[in-house]
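Below you'll find the structure, written out as structure tokens, and then a few comments.
The values are calculated or read from the model by the stated rules, or taken from the named source; none is laboratory data. Here the structure is a predicted model, which is why all the values come from computation and not from measurement. Counting neighbours? That spans all protein chains shown, and the Cβs are built from the backbone with ideal geometry, glycine included. Protein only, heavy atoms only, side chains kept; ligands, DNA and RNA dropped before computing areas. Shrake-Rupley method; radii C 1.70, N 1.55, O 1.52, S 1.80 Å.
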Amino acid sequence: METELGYQILGAAMEVHNTLGPGLLESAYQKALAHELRLRGFDVRREVPLNFEYKGVQLEEAYRADIIVDDKVIIETKAVTEIIPIFTMQVLTYLKLSGLKLAYLINFNSTSLIYNKSFYRLVNRYNQPQ
């Protein structure tokens, strides 16, 4: 199930990238990707506030996921020169705290999503949210 969803997300991201090209702000790609995924029949939420517990205290709206698809996958969008390790760590932390299993980190500021290391699949290795 997640594999098929991943193919659909990649296809939607490629459609957005092919249509808009590089050079826009992250928010433009995020809105376009959300729209493209909705056109493909997915439940999509943007800028989703997420909570987590820290030392017995529930922290409300501690961070925001760019996009959540079908309540299963987090998508973090970027429009940067290159993906640096802290972006990957950010998404892995989002997965750990949310308890979701799968995320994609997509950098739209690239000439190619696939050949320029601009599309990353990240898996939650933790069983439960913290």
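Observations
- Scanning the range 14-23 finds no residues that are touching a strand residue (DSSP E or B) at 6+ places or on another chain (Cβ under 7 Å), open to solvent by 70 Å² or more (accessible area, probe 1.4 Å) and either more than 17 Å from Glu2 (Cα to Cα) or not small (Gly, Ala, Ser) (or both).
- Residue in the range 97-115 that is in contact (Cβ under 8 Å) with a residue 40 or more places away in the chain, within 18 Å of Val48 (Cα to Cα) and part of a helix (DSSP H, G or I) present: yes
- Exactly one residue among Arg121, Arg125, Arg64 is surrounded by 14 or more Cβ atoms within 10 Å (Cβ to Cβ) and not polar (S, T, N, Q), and that residue is Arg121.
- Residue in the range 34-55 that is out of contact with any Lys or Arg (no Cβ under 7 Å at 6 or more places or on another chain), under 12 Å from Tyr104 (Cβ atoms) and open to solvent by 80 Å² or more (accessible area, probe 1.4 Å) present: no
- Close pairs (6 angstrom Cβ cut-off, 6 or more residues apart or separate chains): within 10 Å of Ile67 (Cβ to Cβ) in the range 36-54, open to solvent by 80 Å² or more (accessible area, probe 1.4 Å) and part of a strand (DSSP E or B) anywhere: Glu47/Arg64
- Matching residues, the range 87-112, being in contact with a His (Cβ under 7 Å, 6 or more places away or on another chain) and open to solvent by 30 Å² or more (accessible area, probe 1.4 Å): none
- Per the listing Lys31, Lys78, the residue uniquely open to solvent by less than 70 Å² (accessible area, probe 1.4 Å) and basic (Lys, Arg) is Lys78.
- Residue check for Glu76: of a type in the set (Asp, Glu) and within 19 Å of Arg121 (Cβ to Cβ): yes
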